[in-house]
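Written below as structure tokens is the structure these notes are about.
The values are calculated or read from the model by the stated rules, or taken from the named source; none is laboratory data. Not measured: the values here are computed from a predicted model. All Cβ positions, glycine included, derive from the backbone under ideal geometry; neighbour counts span all protein chains shown. In case anyone asks, the SASA skips ligands and DNA or RNA and just uses the protein heavy atoms, side chains included. Shrake-Rupley method; radii C 1.70, N 1.55, O 1.52, S 1.80 Å.
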Amino acid sequence: MKKILIYGGSGGIGRRVGEILVAQGVRVHVAGRNREALEETAEALEASYTVGDAQDPAFFAQAAAEAGDIDGLVYAIGTINLKSLARFTPEEIDRDFQVNARGAALAVAASLQSLKSNEGSSVVLFSSVAAVQGFTNHVSVSLAKGAVSGLTLALAAELAPKVRVNALAPSLIRTPLAAALLSNAQLETAIAGMHGLPRLGTPDDVAQAAVFLLSEHSSWVTGQIWGIDGGRSSLRIKA
């Protein structure tokens, strides 16, 4: 790996991916909308950065230009917007789709020339366990993350053999994005108990898989959507 562009690299999973990569001697460029967090991350990782909003298509061209020559891309920007279908506005559904799915597509498109020109390039996107299993109040996130899964397969086919494209599909992870869901200790314990491995995920659980998919060790892996979910997508445990 030469240089990796990480969208959402200032916190949670994206930040942890950057930390692991930098420890391995890989250069990173981080991009997101929180300037203060990006500046702190960039200083800690000795990285360059781009500030912008994933709902703005121009953000991706700017990030790609400022990142320069890359051979890997991680799109770890997302939303968790949980409520019933009847309570959603069209604008909220549009926002979730734009941030999660459209943003992933535009991020790859903006860096496509660089990715194609470097041998062994890899893209890692983020789907969700909610894209393969139905959960109440997950209409918008399931719609958006299901689109990411489809995008992963389409891009993997379109960009083979020059660029590998895979996605990770986590269950609930302890990140700032999930903080509101984890503010209730009783609810947190109940959710943890729904997994075959009865705990919530950590950023490191997911980041280690992302780094593997970026590396030459996964050189024969593309078009895959991996559940990093404590078994929740495939196991039914006793209550």
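Brief remarks on what is shown
- Selection count where residues are part of a helix (DSSP H, G or I) and more than 16 Å from the chain's Cα centre (by Cα), scope the stretch 130-155: 3
- For the stretch 90-110, the condition holds for at least one residue, the condition being that it is open to solvent by 20 Å² or more (accessible area, probe 1.4 Å), closer than 12 Å to residue 5 by Cα and modelled with pLDDT of 95 or more.
- Qualifying residue in the stretch 23-32 (condition: in contact (Cβ under 8 Å) with a residue 12 or more places away in the chain, of a type in the set (D, E, K, R), touching a Gly at 6+ places or on another chain (Cβ under 7 Å) and on the phi < 0 side of the Ramachandran plot): no
Okay, residues lined up against (1) over 20 Å from residue 136 (Cα atoms); (2) not in a strand (DSSP E or B); (3) not hydrophobic (A, V, I, L, M, F, W, C):
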residue: 186; (1), (2), (3): no, yes, yes
residue: 189; (1), (2), (3): no, yes, yes
residue: 197; (1), (2), (3): yes, yes, no
residue: 217; (1), (2), (3): yes, yes, yes
residue: 221; (1), (2), (3): yes, yes, no
residue: 227; (1), (2), (3): no, no, yes
residue: 234; (1), (2), (3): no, yes, yes
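- Residue count, the stretch 176-230 (criterion: more than 28 Å from residue 10 (Cβ to Cβ), modelled with pLDDT of 95 or more and among the small types (Gly, Ala, Ser)): 2
- Restricting 128, 140 to residues that are open to solvent by less than 10 Å² (accessible area, probe 1.4 Å) and not aliphatic (A, V, I, L, M) narrows the list to 140.
- Odd one out for residue 116, checked against (1) touching a His at 6+ places or on another chain (Cβ under 7 Å); (2) modelled with pLDDT of 95 or more; (3) not in a strand (DSSP E or B): (1)
- Residues (in contact with a strand residue (DSSP E or B) (Cβ under 6 Å, 6 or more places away or on another chain), within 29 Å of residue 181 (Cβ to Cβ) and of a type outside the set (A, V, I, L, M, F, W, C)) located in the stretch 51-77: 75
- Just so you know, in the stretch 70-89 the residues that are open to solvent by 30 Å² or more (accessible area, probe 1.4 Å), more than 17 Å from the chain's Cα centre (by Cα) and among the aliphatic types (A, V, I, L, M) include one that is modelled with the lowest pLDDT, and it is 82.
- Residue match in the stretch 11-19 (condition: touching a helix residue (DSSP H, G or I) at 6+ places or on another chain (Cβ under 6 Å), part of a helix (DSSP H, G or I), within 19 Å of residue 124 (Cα to Cα) and open to solvent by less than 10 Å² (accessible area, probe 1.4 Å)): yes
- Scope the stretch 20-69; condition part of a helix (DSSP H, G or I), more than 26 Å from residue 102 (Cα to Cα) and more than 17 Å from the chain's Cα centre (by Cα); matching residues: 22, 23, 40, 43, 44, 45
For (1) among the small types (Gly, Ala, Ser); (2) open to solvent by 10 Å² or more (accessible area, probe 1.4 Å); (3) over 15 Å from the mean Cα position of the chain (by Cα), each residue gets a yes or a no:
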| residue | (1), (2), (3) |
| --- | --- |
| 185 | yes, yes, yes |
| 201 | yes, yes, no |
| 219 | yes, yes, yes |
| 231 | yes, yes, yes |
| 235 | no, yes, yes |
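- Some residue of the stretch 204-213 being in a loop (DSSP other than H, G, I, E, B), open to solvent by 30 Å² or more (accessible area, probe 1.4 Å) and either touching a His at 6+ places or on another chain (Cβ under 9 Å) or more than 21 Å from residue 101 (Cβ to Cβ) (or both): no
- Selection status of residue 168, in a strand (DSSP E or B) and within 14 Å of the chain's Cα centre (by Cα): yes
- Against the numbered list (1) in a loop (DSSP other than H, G, I, E, B); (2) in contact (Cβ under 8 Å) with a residue 12 or more places away in the chain, residue 73 comes up short only at (1).
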